[in-house]
Structure formats: C-alpha cells, structure tokens
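Asker: Pasting a structure here, questions to come.
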Amino acid sequence: MYMRPESLENVRTHYCAGCGHGIIHKLLAECLDELEIRQNTILVAPVGCAVLAYKYINVDGLEAAHGRAPAVATGLKRARPENIVISYQGDGDLLAIGAGETLHTANRGENLTVIFVNNAIYGMTGGQMAPTTLEGQKTLTSPYGRNAAEVGFPIRACEMLDTLEAPAYIERTSVHNPGAVRKTKKAIRKALEYQISGAGYSFVEVLSMCPTNWGVDPVTGASWVKDAMIPWFPLKKFRDRPAENAEKEAS
Amino acid sequence: MSKKTVLMKGNEALAEAALIAGCRHYFAYPITPQNEIPAYMAKRMPELGGVFLQAESELAAINMVMGAAAGGARTMTSSSSPGMALKQEGISYISGAELPCVLVNVMRGGPGLGGIAGAQGDYFQATRGGGNGDYRNIVLAPGNAQELADFTVDAFDLADEYRIPVMILADGFLGQMSEAVVLPEPTGKTFEKDWALTGAKDRNKRLVASLRLAEGSLEAHNLHLQKKYDSITQALRRFETYKTDDADYVLVAYGTSARISRQAVDRLREAGVKAGLFRPTSLWPFPDKELHELARKAKRILTVEMSLGQMVEDVRLAVEGRCPVEFHGRAGGALPALDDVIETVMRFEREEVTHVHAS
Ligand SMILES: Cc1ncc(C[n+]2csc(CCOP(=O)(O)OP(=O)(O)O)c2C)c(N)n1
Ligand code: SF4
Ligand SMILES: [Mg+2]
C-alpha cells in the first residue's frame, strides 16, 4: 500500500510525467521520516526544476542562487551545526555555474549532504546542453549533438570528487527502475546517517529522467538512462569512509 | 573604569568591533587593502568559538553569509572593490530574502583590477546596488578608525532591526592607517528572529527565498520592501557638519576625502573665507534634506571625492539647483591635494567678488 511520508507535502508537484525529481523527493522524504529528522532538517533548494523543492518537502527551506547552494549550505551548517542540512542540485547548478562551490565544499569536508540530480540536461530552461550531456546528445544548444572536440566530454562528478581526500561518502545511483530506486533510497539514507553522526561530506548522484526535454515518453526515458547514461556514468559506491574505517578496525 | 585607548589599524578596529557586536560567523576571500580583516578574524574567531572561513571566492563568501544569516547568526563578509563586484549577485538575493548581514568594502581604484591604493569609485555600486532588482542597502561611511569601529557595531543592530544588508563603505587609506581608538561597548540590543531557519520543530516550516512566482506576489513584495526603505530613509539620514552655520562655501565629502576637506575648511577660515564641511555618514539613505537646507544659504557647494564624480550626483539631486554644485576629484588611488581643494574654493571667492562688482 502506498503511504505518503509525513515529510512529503500533500500537494501536486509541477514535475512532468516520468520526471525523476518527484521520485527522488519521495525517497528523501521517506528517509527523513525513518531517521526522524524532519523537524531538524533544512533543505537548500537550487535554481533548476527543483527550485520549489521546499514546497513539496515539509521542512524549513532556503533558496540559493544558481549554483551557490553548497556555499549557502556551508554558511548555514556552520551557523547551525545541530541541524541537518541538505543541498539538492541539478547538473547545471552543481557542475557548471556552481562547479567551484561544489568542489570546495567537498574539499572542506563540510558535514552536510548533497543530492545531485543528473538528468544530462538543463530541465528548467527548456533543454539546453549541460556539463553532463552525453556525446552526440541533441539539445537546444547542441542541435547537432554534443561534440566533445568542441565543448568537452560530459563531466563525471563522483569520479572528480573521489580525487579529494575529505569526503566521507560518494555514491552514484539511478531511479530508472524499482531496483535502482531502492538502492537510491539506501544511499540517501546512508548519506544522511553519516551527516547525523558527524562523519562529514556525503554526496549522492542520482541519474534521473527528463523525458520532456529529451523529447521521449517516460518509458523510453527510463531505458535511455540504462542504455545511454549508465555506460558513461557507472553506478557505483565510490567511497564509504566510515564503513572502510570500521572494516579496518575490525581486521 | 576609564575606557582604554588603543592604537589600531582601521581594518583591525573594524574587525574587533564586529566581534564586540557578537559576530561569530565571518566569511571572506583575501584582497588588498582589507587583508588585515581576515587575518584578524582567523586569529580571534577560534579564541571566541566563532567561525572564520576563507571562502574559495567572493561569490562563495557572500553565499556563506546568506546561509549563516538564514540560520539566525550575526554574520559579516569583507572585501575590496573587485571582490565586492563579485558579491553583487549574493547581495541581491540576500536583499530579496530580507536577511540581515554586514558587508564591508575597503575600496580601491578601478575599473577592473585597477590598483591597490584607496579610492571612492564604488559609490554608485554601493548606493545604487550592483545586483539585479529593486533593492537598497544601508551604506555607512566612516571617516576614521574610531568610526570604523563604532559604525560596525551599529551596523549589526541596524541589519537586525531592518532585516537588511548594511554596508560599511571605507577606503584603503582608512583601512591601513593606524589611529587611536576607544573600542566600543556592545549595545546589548537583542532581536527576535522568528523567521530564522532552525528546523520545523513544534511549528510550521519556514522558508527563506527571493523567488515569488504567484501572480502579483512579487510586486507586493517589492512594495513591502519599498515601505521598509522609505521608513529607513526617514529614520536614518546621517551626517556631520563642521563650521557650516555661516558658510558661503560648503564642501561635501565622506571618508578620506572628508578628512582632507576638513583641513581645507580650517585653512580657508584662517584666510578669512567662510567655508564649511558637510559630511554624510550615511550614503544611503543620503542626507538630502539637510544638505538642501544648507544649500539655501550657501553661495556654492564643492563636492570632493576620490573618484571622478559619483556622490556629486546625489549632491545635485539634494541641492535641486539652490546653488551651483562644483566638483573636485582625483581617481586611481590618488588623494585630492589639500592645496588644490583650497585653491578651488579661493577661485569661487574671487569669482563671486568679480560677479558682485560686475553686477
Ligand atoms: C545566474 C543564473 N543564470 C541562469 C539562470 C537560468 N537557469 C535557471 S535553471 C537553469 C539550468 C538548470 O539546470 P539543472 O541545474 O540541470 O537543473 P534541472 O532543471 O535539469 O533539474 C538555468 C540556466 C538563472 N536562474 N540564474
Ligand atoms: S523539465 Fe525535465 S526535469 Fe523538469 S520537471 Fe520536466 S521532466 Fe522533470
Ligand atoms: Mg539537469
């Protein structure tokens, strides 16, 4: 039976059919419920399709400028270390205009959680090329397909952050089928648990569908994640420092 | 207990004053000529259990300020002109979200990378706002190390009272100069922040945002902000006058330019010329009515700036043609020369005499 998590508002979202944001919101809300941290959580919303995330999730909300969510979250967490701070961002937000803030927040090992929704496109502005747009992928601003020779290759956020010493937890998951959705929930939950225990920076990248701007139906959208995105963005736990440390101690 | 006088650089006096005011969250990126402020904070914050964080850029610093302010903290960032340019986006968002914070600009010459010597070329940026949208920030203009300290303590109260960014607009000369300072006392004022984000425990959730999409809601917000700006304009026009009572020639200057202008007034008085100084200590709101009153009695006004003419536009708006408004400025890190200011007023005097004789 479907139960609406208490942390999810009982309102219609503005997301399109088959969009990944709604699924990820629900997973986040379930985790907030299960960890009983709804009343302690502050959500930093990005500029992107999830700009109104704070309308759908029943927690205190703070809206950052495009790309600046990690810096805003840093200031907030430094001022209120007792709160759980989540920065929810899209690929344009996190890897283009906010790449600097992303990198340095991770490098400082800020004790906060970043949920990165990678849909390989700028959803909100109608489908322009993102830093994660795949080679050959057609968008409004790459009408002949992304040409890596001209604009570079799609950036792998997890792999990049995995070069840094400080982050505690880095994982890439997806929401293209029920199994993947379950894994995403586990990853988000783990990331939040690590923030609660003070382990440091946790980062969950979720491959997500934007059927509207990919110009496909929801079903095709889900298979495109599997067939096109996952080969370039492998689903993987890149780092789990607390678990690695526990293992070391045990052996 | 008698208050102790200490010798401090202007930048350090400002930093210590921020701590006195209860600022425990400071975020900045290094830039000359304000580097003493982050260095001071880096040393002192850990002693006080506060947060000093060197941000990766001014963009990040101002957004960290936004986050800390949203959490209810007294927070500050400081920079100099090129860095201040980068902060403008954040200032606009903070203004839209009505968050209190203190911003410090220890100005240097521009445009671009410009130079590192003090200047006053960011008057437009500070008073008009370099960010997008209809917003205002309170801008205070200290004239010495003592005021750098005093105005900073006051700035935190004003920011909390009006939920607005308050900028201290200083310049490199003020920041670098060592002067005697009596460190201010905390004001003890407290402000209830029933909008701060603390987690929705036993209450409805709160939202701090600048986005307003529902039809009419943004204009309603703009009107709300404007009402606030109007009441600040009524309550906060600040200035100091020096020998203006009988002045034929009123010099208008702030910051370092005002120090030079004040010397010029003394020398002109010695020479028998009735000069005075009007020194705005708030640049927004600008003390326009008060200047207008002086202009009714004055023969001429001379605006002196370390720029090629920015505040002079506000002076002209205030004077509304009551008397001629002249300008003397130096730019690019140069100081107005005392003799040049004096000679300019002497020339006015000669011209006025000739004018009277001719008529
Ligand atoms: C400074 C600034 N530049 C540009 C924009 C316009 N803009 C809004 S959202 C967006 C891209 C969002 O894409 P992404 O981060 O991938 O989020 P998605 O909508 O795909 O979830 C852009 C360019 C803006 N709001 N602010
Ligand atoms: S445009 Fe794409 S990302 Fe935005 S709501 Fe629609 S499907 Fe989701
Ligand atoms: Mg996107």
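Asker: Using a Gaussian network model of chain B with C-alpha springs under 10 Å, which one of B:ALA209, B:ALA73, B:ALA97 is most mobile by mean-square fluctuation?
Answerer: So, out of B:ALA209, B:ALA73, B:ALA97, the one fluctuating most is B:ALA209.
Asker: For helix A:99-108, report the angle its Cα long axis makes with the longest principal axis of the Cα atoms of chain A; keep it between 0 and 90° and round to the nearest 10°.
Answerer: With both axes taken from Cα atoms, the answer is about 20 degrees.
Asker: Just to confirm a number: summing +1 for Lys and Arg and -1 for Asp and Glu over residues other than B:ARG108 whose beta-carbon lies under 13 angstrom from that of B:ARG108, what do you get?
Answerer: That works out to -2.
Asker: Within 10 Å of each Cβ in A:52-64, how many Cβ atoms from other chains are there, averaged over the peptide?
Answerer: On the way: counts 3, 0, 6, 3, 0, 1, 3, 6, 14, 8, 11, 10, 10.
Going residue by residue through A:52-64 and averaging, the value is 6.
Asker: Give the accessible surface of segment A:188-240 per residue, rounded to a whole number of Å², with probe radius 1.4 Å and ligands, DNA and RNA excluded. Before the final figure, lay out the partial values.
Answerer: On the way: 2080 Å² over 53 residues.
Result: 39 Å² of accessible area for each residue.
Asker: Charges on Cβ only, +1 for Lys and Arg, -1 for Asp and Glu, centred on the Cα centroid of the protein assembly as shown; of A:VAL85, B:GLY188, A:LEU35, which one is farthest towards the dipole's positive end?
Answerer: About the Cα centre, the residue reaching furthest to the positive side is A:LEU35.
Asker: Continuing with this model, one more query. Any idea of the accessible area per residue across segment B:240-358, 1.4 Å probe, to the nearest Å²?
Answerer: Accessible area per residue: 43 Å².
Asker: Please give the helix B:58-70 orientation as an angle from the longest Cα principal axis of chain B, in degrees from 0 to 90, rounded to the nearest 10.
Answerer: Taking Cα atoms only, the helix is inclined about 60 degrees.
Asker: Here is a follow-up. Ignoring the sites themselves, what is the longest stretch of chain B with no GluC sites (Glu not before Pro) in a DSSP loop and at most 13 other beta-carbon atoms within 10 Å?
Answerer: On the way: sites that count: B:GLU192, B:GLU215, B:GLU320.
Answer from the scan: B:1-191.
Asker: Summing both sides, how much accessible area is buried between A and B? Use a 1.4 Å probe and give Å² to the nearest 100.
Answerer: Chains A and B together bury approximately 2600 Å².
Asker: Okay, next question. What whole-number distance in Å separates the alpha-carbon centres of segment B:21-68 and segment B:177-227?
Answerer: A separation of 20 Å, based on Cα centres.
Asker: Between A:ASN177 and B:ALA220, what is the FRET efficiency for a Förster distance of 45 Å, r being their Cβ-Cβ separation, to the nearest 0.05? Before the final figure, lay out each step's value.
Answerer: On the way: r = 45 Å, r/R0 = 1.00.
The value I calculate is 0.50.
Asker: Cut-off 12 Å, label point 7 angstrom out along Cα-to-Cβ of B:ARG267: give me the residues of segment B:314-347 whose amide nitrogen falls inside.
Answerer: Taking a point 7 Å out along Cα→Cβ of B:ARG267, the residues of segment B:314-347 whose backbone N falls under 12 Å are B:336-346.
Asker: Could you list, in their original order, any pairs among B:LYS43/B:LYS189; B:LYS87/B:LYS299; A:LYS248/B:LYS205; A:LYS26/A:LYS138 whose Cα atoms are separated by more than 32 Å? Spell out each step's value before the answer.
Answerer: Working: B:LYS43/B:LYS189 26 Å; B:LYS87/B:LYS299 41 Å; A:LYS248/B:LYS205 42 Å; A:LYS26/A:LYS138 30 Å.
Beyond 32 Å: B:LYS87/B:LYS299; A:LYS248/B:LYS205.
Asker: Another question, if that's okay. Using a/c under 1.5 as the rounded threshold, could you call segment B:5-235 rounded, prolate or oblate? The axes a ≥ b ≥ c are square roots of the C-alpha gyration tensor eigenvalues, and prolate needs a/b larger than b/c, oblate otherwise. Write down the numbers at each step before the final one.
Answerer: Working: a/c = 1.69, a/b = 1.36, b/c = 1.24.
Here segment B:5-235 falls in the prolate category.
Asker: So what is the relative contact order for segment A:21-250, in percent, with contacts set as C-alpha pairs under 8 Å and at least six apart? Mind showing how you got there, number by number?
Answerer: Working: 465 pairs, mean separation 41.9, N = 230.
In percent, rounded to a whole number, it is 18.
Asker: Sticking with this structure for a sec: Select from B:MET41, B:LEU14, B:ALA68 the residue farthest towards the positive end of the dipole of segment B:5-235; place +1 on Cβ of Lys and Arg, -1 on Cβ of Asp and Glu, and compute about the Cα centre.
Answerer: The residue sitting farthest along the positive end of the dipole is B:ALA68.
Asker: Taking a ≥ b ≥ c as the square roots of the Cα gyration tensor eigenvalues, with a/c under 1.5 meaning rounded and otherwise prolate when a/b beats b/c, else oblate, which class fits segment B:32-112? Could the numbers behind the result be given before it?
Answerer: On the way: a/c = 2.18, a/b = 1.07, b/c = 2.04.
It comes out oblate by the Cα gyration axes.
Asker: Let me ask something additional. So which residue, out of B:ALA334, B:ALA200, B:ALA235, gets the largest mean-square fluctuation from a GNM of chain B using Cα contacts under 10 Å as springs?
Answerer: B:ALA200
Asker: What size of dipole, in debye to the nearest 20, comes out for the protein assembly as shown about its Cα centre when the only charges are +1 on Lys and Arg C-beta atoms and -1 on Asp and Glu C-beta atoms? Please list the in-between numbers first.
Answerer: Working: 66 positive and 72 negative charges, 174 e Å.
In debye, rounded to 20, the protein assembly as shown gives about 840.
Asker: Please calculate how many Å² of accessible area segment B:97-146 carries per residue, with a 1.4 Å probe and no DNA, RNA or ligand atoms counted. Could you put the intermediate results ahead of the total?
Answerer: On the way: 1540 Å² over 50 residues.
That works out to 31 Å² per residue.
Asker: Can you compute the FRET efficiency between A:ARG12 and B:ASP134 using 1/(1 + (r/R0)^6), with r the Cβ-Cβ distance and R0 = 45 Å? Round to the nearest 0.05.
Answerer: 0.90
Asker: If you line up the long axis of helix A:178-197 against the longest principal axis of chain A, both from Cα atoms, how many degrees apart are they, to the nearest 10?
Answerer: Approximately 40 degrees, to the nearest ten.
Asker: On to the next question. 5 Å is the cut-off here: which amide hydrogens, built 1.01 Å from N in the peptide plane, fall below it relative to A:SER7, excluding neighbours closer than 5 in sequence?
Answerer: Result for A:SER7 returns A:ASP33.
Asker: Then there's this: Peptide B:52-59: average number of partner chain Cβ atoms within 10 Å per residue?
Answerer: Averaged over the peptide's residues, the number is 5.
Asker: Could you work out, residue by residue across A:45-51, how many beta carbons of other chains sit within 10 Å of that residue's beta carbon, and then give the average as an integer? Provide the component values of the computation, followed by the final result.
Answerer: Working: counts 3, 0, 1, 0, 0, 0, 3.
Per residue, the average neighbour count from other chains is 1.
Asker: Looking at segment B:200-240, which residues lose a minimum of 50 Å² of accessible area between their chain alone and all protein chains in place, measuring with a 1.4 Å probe and not counting ligands or nucleic acids?
Answerer: B:ALA200, B:LYS205, B:LEU207, B:LEU211
Asker: Assigning unit charges at the beta carbon (Lys, Arg +1; Asp, Glu -1) and nothing else, what dipole magnitude in debye, to the nearest 20, does segment B:5-235 show about its Cα centre? Numbers along the way, then the final one.
Answerer: Values: 19 positive and 25 negative charges, 109 e Å.
Roughly 520 debye, rounded to the nearest 20.
Asker: Within 10 Å of each candidate Cβ there may be at most 11 other Cβ atoms; applying that plus a DSSP loop requirement, which chymotrypsin sites (Phe, Trp or Tyr not before Pro) in segment A:1-92 survive?
Answerer: Numbers: sites: A:TYR2, A:TYR15, A:TYR54, A:TYR56, A:TYR88; in loops: A:TYR2, A:TYR15.
Of the chymotrypsin sites (Phe, Trp or Tyr not before Pro), the ones in loops of segment A:1-92 whose Cβ has at most 11 other Cβ atoms within 10 Å are A:TYR2.
Asker: Sticking with this one: Toward the positive end of the charge dipole of segment B:219-316, about the Cα centre and with charges on Cβ (Lys, Arg +1; Asp, Glu -1), which of B:GLY255, B:GLY272, B:HIS292 goes farthest?
Answerer: Of B:GLY255, B:GLY272, B:HIS292, it is B:GLY272.
Asker: Roughly speaking, to the nearest percent, how much of segment A:21-250's 1.4 Å accessible area is carbon and sulfur? Walk me through the numbers before you get to the answer.
Answerer: Details: 4500 of 8250 Å².
The value for segment A:21-250 is 55 percent carbon and sulfur by accessible area.
The values are calculated or read from the model by the stated rules, or taken from the named source; none is laboratory data. The model shown is predicted, which means the values in this text are computed figures rather than measured ones. Positions of Cβ are backbone-derived with ideal geometry, glycine not excepted, and every protein chain shown enters the neighbour counts. With ligands, DNA and RNA removed, areas are computed over all heavy atoms of the protein, side chains included. Shrake-Rupley method; radii C 1.70, N 1.55, O 1.52, S 1.80 Å.
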